[in-house]
1. Only residues of the range 374-393 count here: report those whose backbone N is under 17 Å from the spot 7 Å along Cα→Cβ of D404, or say none.
2. Checking the a/c ratio against 1.5 first, then a/b against b/c, what shape does the Cα gyration tensor give for the range 86-169?
3. Counting only helical runs of four or more DSSP H residues, what would the 222 nm mean residue ellipticity of the chain come to if each run contributes -39,500 (n - 2.57) and the total is spread over all its residues?
4. Taking N as the number of residues in the range 62-208, what is its alpha-carbon radius of gyration divided by 2.2 N^0.38 Å?
5. What order, most packed first, do the peptides 330-342, 110-122 have when packing is the mean number of other Cβ atoms within 10 Å of each residue?
6. So which of K248/K284; K79/K240; K90/K299 end up more than 32 Å apart, counting from Cα to Cα?
7. Which length gain, in nm to one decimal place, applies between R48 and R354 when the Cα-Cα distance is subtracted from 0.36 nm times their residue separation?
8. Do any cysteines of the chain lack a neighbour Cys whose Cβ is under 4.7 Å away, and which are they?
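Coordinate-derived values only; no laboratory data. Given the structure is predicted, the values throughout are model-derived calculations rather than measurements. Cβ coordinates were reconstructed from backbone atoms using ideal geometry, including for glycine residues, and neighbour counts include every protein chain displayed.
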Amino acid sequence: MIRQRSTIYNTGSSHDGVIQDASANSLTLNTSNFLGEDKIIQKSTPFRFIDKIRVQWFSFDNQDFLFNKYSRGLSVYCKPDLLAAGFSKKEFFKEVREFLSNYIDIPEDSWIVSKDALFYYDSSVFPDKIVQSISSLIGHETTIDLERPFNLDYVYENDQRIFKLSGHTTSQITYERQLGKRREVGLFLREPGISVRDDMVLAGVRAVFEDKADPEAQDNGKNSDFLQKTLFHVKPRQRKLERHYISKIQTNGLHPFIELEFGKDQKIEHEKKLTFDDDVLQCKLFCYLNLPRSAFIDKYQLPKYLVPLVTFGNNDLELPEYKIDSWGSEFLFEVNMPELSNFQVPLHSRYQLRNETSGLSFKLLPEPIVFYGCDVRQAELLNKSPFDNRIEVGGNYERFFTNDTVFYHFDSNQELLQLTIPTAKDSFQSSQILTFICIGCGTMYILYKLLLAKFASVPGGTRVAASKKNE
């Protein structure tokens, strides 16, 4: 049986006119310009050597309800079950390929080792096959408008698969009782006056559609009484700040910089003092970054305010890009500054194959994620939120922090940055000819000097000693 939970967040001030039709067998909602999430759980065939897999696609920066912030693009995590009897690396990767082959092709050499799982990242690949798979499970009753930016979270663990889609809702949705599916639908809005950032109070209605094959789920006809009024509190793990920053690449040959410029809003004094919410105990500033293999960071050439905490991936400083198979590397820094201000992250570009047209190579990378990580009171409430995304595997920076940490994110454009790397422009053939000419000229010059020295030493050409010259 498939279990599905659909949550709709009403961005307006009341539910008037939202519920179009309600019965024990169906529910029709007018959800224009609302936000929502679909969560689907189904049993899965167990694997012998895979413990957990998580696939995340992030492209929608939710400004309000269900706010989360991760690196834009595709992130895939895979944790092996190293304690499984007869564990085999070869068989493990075979299972990984079988699991992902229907969705995305990741070569074995493209993964990097990150903490306790393999990690793959790509800023541009879109998981269209996963979306098609989810759509086939949900059918026509999809809450999320897939024609607009959305977020995807797909997890395999404990012999089950969990799908999450979040984003803008479709303009009108009809939910129905179905065979082999249990569905829960919630329609909520934020309770005015008592809802704050660290204690979001949601009020609304909830409907449950049991499996159509369940003999106890009777058709009661058209009756709105089956809608249950609901009020609950949510303690969000990820929270949004008002201050904004802009990321951009400052070109500097093979040694560019990522510049981060923060808005100068003097009205946000409470953010400067790190007194965000009542439950906050202490905070530190961090910067998380995924870099493609075309660039790397030398931790020994960082400014003093960037303290490297996490470095995973190929950090061989001498290798050109075309000698590296893995996708790139990831970094987590503590930003140690007395007061938040603009700062730079120095990069090093790897040597590229020549570009005979422009002499330049263009690469995309996600903007750095700058955030405060804070310890809070009553941290046990974080896990009780039905919308908490934290699990043991994945979540970019989340997995490097303890479970009692909340994250305060700055507003940003979430755009991909373009890195421009200079390359050789001449063709290989012309470079080869020029090299041969230089080697030939050098060889001829050396032979000329050797012959000249030899002829100077034969009879009739004997050199005059220095002592003779003075007589």
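1. Flagged as within label range: 374-384.
2. Judged from the Cα gyration tensor, the range 86-169 comes out prolate (a/c at least 1.5, a/b above b/c).
3. That calculation yields -4000 deg cm²/dmol at 222 nm.
4. 1.28
5. Sorting 330-342, 110-122 by mean packing, highest first, produces 110-122, 330-342.
6. Pairs exceeding 32 Å: K90/K299.
7. So the extension gain works out to 105.7 nm.
8. For the chain, the answer is C78, C287, C438, C441, because their Cβ atoms have no other cysteine Cβ under 4.7 Å.
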